Amino acid sequence: MDTWAIRNNMRKLRFQHDEMTQQQLADKVKVTRQTIVAIEKGKYTPSLDLAFRIARAFDAPLEAVFFLEESQP
Amino acid sequence: MSAHERQATVSLLSTLLLAAFFLVYVLPRYPAGNPYAPEVFHFWGWVVVILVPVSIVANIAVSIVFSVIYSMATQEQASSFADERDKFIELRALRNALYVFTCGFFLAMVTLAIGMPPSVMFIVLMCSGYGSGLVGNISQLYLYRQGS
């Protein structure tokens, strides 16, 4: 059976936005820095609400930040 | 260590302190003699009535003392801000704690069903209460450490 994982381009996008720090992004989307770290590492999948807020912080569409990837079972 | 990990550690410490208080000051006052006597139920009733407010006050006191010490040591305020991931971790820890308490409650009923004295049932209930608190705090610490 295919398994899918949500991956993200947050690290790349942060660097494209004047090397935005994790803390700056966390402050923008009103979460803790630890949450940003967990999302970037793929250990936590954000809610739709938070995902949209992160996309808005980068001024990018949602699918430019998050995408589905087939993962090995 | 994040603010929430520190809070979970403090909560774990206060649960352990309360367990020590229970073992040192409360259990030795258990009325000796007939295990089915009304005094036994009276005793356990008072234990619960006293321990609930004591545990709430102790938790608040330990948290305040910790916040003061932390602020003095690091010159920064302990954050109480909880985002969606903190709430998610809290819920998962609570779920684990409830599993433990449910098992403990079932075990307490088993002791009654097989004819053991009611005091055994109360002891199992108290232990499952403390056990669930410990499991909740340890789960929280584990989930934060794991980074989920």
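It is to be established whether one or more residues within segment B:17-30 are touching a residue at least 60 places away in the same chain (Cβ under 8 Å) and farther than 16 Å from residue B:131 by Cα. Yes, the conditions are met somewhere in segment B:17-30.
Listed conditions (1) at pLDDT below 85; (2) touching a helix residue (DSSP H, G or I) at 6+ places or on another chain (Cβ under 7 Å); (3) closer than 18 Å to residue B:120 by Cα are all met by residue B:37, apart from (2). When segment A:27-56 is filtered for residues that are free of Cβ contacts under 8 Å to residues at least 40 places away in the same chain, of a type in the set (A, V, I, L, M) and surrounded by 14 or more Cβ atoms within 10 Å (Cβ to Cβ), the ones remaining, listed by number, are A:29, A:31, A:36, A:37, A:38, A:39, A:50, A:51, A:55. Only residues that are under 30 Å from residue B:122 (Cβ atoms) and within 14 Å of chain A (Cβ to nearest Cβ): list them for segment B:57-109, please. Within segment B:57-109, B:90, B:91, B:92 meet the criteria. Taking the stated definitions as given, is residue B:14 modelled with pLDDT of 85 or more, under 22 Å from residue B:142 (Cβ atoms), in a helix (DSSP H, G or I) and of a type in the set (Ser, Thr, Tyr)? Criteria met by residue B:14. Per the conditions (1) modelled with pLDDT of 90 or more; (2) surrounded by 17 or more Cβ atoms within 10 Å (Cβ to Cβ); (3) out of contact with any Phe, Trp or Tyr (no Cβ under 6 Å at 6 or more places or on another chain), the sole criterion not satisfied by residue B:113 is (2). With respect to residue B:64, determine if the residue is in a helix (DSSP H, G or I) and either of a type in the set (S, T, N, Q) or under 20 Å from residue B:9 (Cα atoms) (or both). Answer is yes for this residue. Scanning segment B:31-41 for residues that are without any contact (Cβ under 8 Å) to a residue 40 or more places away in the chain and within 27 Å of residue B:134 (Cα to Cα) gives no hits. Among the residues of segment B:110-148, those that are outside any helix (DSSP H, G or I) and within 14 Å of chain A (Cβ to nearest Cβ) comprise B:147, B:148.
Which of the residues belonging to segment A:46-73 are in a helix (DSSP H, G or I) and within 14 Å of chain B (Cβ to nearest Cβ)? Scanning segment A:46-73 gives A:48, A:49, A:50, A:51, A:52, A:53, A:54.
Considering only residues in segment A:10-26 that are of a type in the set (A, V, I, L, M, F, W, C) and in a helix (DSSP H, G or I), the one that is surrounded by the fewest Cβ atoms within 10 Å (Cβ to Cβ) turns out to be A:15. Among the residues of segment B:42-53, the ones that are surrounded by 12 or more Cβ atoms within 10 Å (Cβ to Cβ), without any contact (Cβ under 8 Å) to a residue 12 or more places away in the chain and either farther than 13 Å from residue B:125 by Cβ or touching a helix residue (DSSP H, G or I) at 6+ places or on another chain (Cβ under 8 Å) (or both) come to 1 in all.
The values are calculated or read from the model by the stated rules, or taken from the named source; none is laboratory data. Fair warning: this is a prediction, and the values are worked out from it, not measured in the lab. Here Cβ is always computed from backbone atoms with ideal geometry, including for glycine, and neighbour counts include all displayed protein chains.
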